[in-house]
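Chemist: Here it is, the structure in full.
Computed from the coordinates by the stated procedures, all read-outs in this text should not be read as laboratory data. The shown structure was predicted, so the numbers you read here are calculated from the model rather than taken from an experiment. Positions of Cβ are generated from backbone atoms using ideal geometry, with glycine treated the same way; all protein chains shown enter the neighbour counts.
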Amino acid sequence: MRVILLGAPGSGKGTQAVLLERRLGLPKISTGDILRAAVQAATPLGLKVKDRMARGELVEDALVAALVEERVRRPECDAGYVLDGYPRTLAQARDIERMDGERSEIVLEIALPDEVLLERLSRRWVCPRCEAVTTQSRPGEIPSNLCPACKTPLAQREDDTPEVVRERLRIYQDQTRPLRDYYAGKKTHRLVDGSGGVEDVYHRIAAVVKAALASRATRQ
């Protein structure tokens with residue numbers, strides 16, 4: 001089964017994708033992680049997309065599709081996988097169906113108000129070495145300057161500054177939300193309340209995924 005996680009920046013898609021991978025054994029495919037690693041390593045791909053990502057803009061569909069297709073064709077994805085951050089547009093939704101069209105899917109959209117998302121992202125700091133995330137207790141307060149995991153100085157992502165976050169949210173509203181109607185028409189879309197703690201949200205998501213897996217097993 002293919003699990004697609006939708007949601008605006010700061011909705012917790014990445015965290016929930018990790019939990020699904022660890023607890024349900026579904027490999028996580030994060031286009032954001034792939035692209036950020038390329039930027040950090042200054043690969044040809046990273047140099048190509050660095051400026052676009054810093055401005056909060058989407059990377060062109062053909063490039064992202066090639067990255068995703070390479071990953072979904074690996075043997076570890078044979079039984080299913082979780083897509084975090086992809087698809088973001090209708091064109092990308094059709095790309096994933098083209099490359100892996102026979103697979104059943106469930107689409108989970110994590111919903112939170114924009115003001116909550118902006119506040120969350122303004123408090124997020126990341127370790128550039130191990131990518132551990134540290135959250136400020138209050139907006140504007142800089143946390144301890146060292147990563148609690150590996151003691152590397154923390155930094156704020158360029159795409160987590162307030163100006164860029166607002167642009168990312170605008171792009172999400174304008175370009176990504178039509179996916180809701182598309183997947184609703186396919187009867188695969190489910191809205192998940194993103195409020196509360198990480199475990200609260202996970203239990204809501206896991207309940208939907210397990211029900212979908214059970215229904216699929218019954219049909220087979």
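Chemist: Please identify every one of the trypsin sites (Lys or Arg not before Pro) in the range 161-218 that sits in a loop by DSSP and has no more than 16 other beta carbons within 10 Å of its own beta carbon. Mind dumping the intermediate values first?
Modeler: Numbers: sites: Arg166, Arg168, Arg170, Arg180, Lys186, Lys187, Arg190, Arg204, Lys210, Arg216; in loops: Lys186, Lys187.
Counting only loop positions with at most 16 other Cβ atoms within 10 Å, the trypsin sites (Lys or Arg not before Pro) in the range 161-218 are Lys186, Lys187.
Chemist: Continuing with the same structure: Expressed as a rounded percentage, what relative contact order does the chain have, with Cα pairs under 8 Å and six or more residues apart?
Modeler: 27 percent
Chemist: Something else: Please report the antiparallel percentage of the DSSP beta bridges confined to the range 1-134, to the nearest 5.
Modeler: Antiparallel: roughly 15 percent of the beta bridges in the range 1-134.
Chemist: Let me ask another. Quick check: the distance between the Cα centres of the range 194-212 and the range 1-50, to the nearest angstrom?
Modeler: 19 Å
Chemist: Here is a further query. Quick one, could you list the DSSP H helices from the chain stretching 27 Å or more along their long axis (Cα atoms) with average Kyte-Doolittle hydropathy of 0.0 or above?
Modeler: Counting only whole DSSP H runs, the qualifying helices are 198-219.
Chemist: Hey, another quick one. What pairs from Lys187/Lys210; Lys50/Lys210; Lys48/Lys187; Lys28/Lys50 go past 26 Å between their alpha carbons?
Modeler: Beyond 26 Å: Lys50/Lys210; Lys48/Lys187.
Chemist: Which shape class applies to the range 71-163: rounded if a/c is under 1.5, otherwise prolate when a/b exceeds b/c and oblate if not, where a ≥ b ≥ c are the square roots of the Cα gyration tensor eigenvalues?
Modeler: prolate
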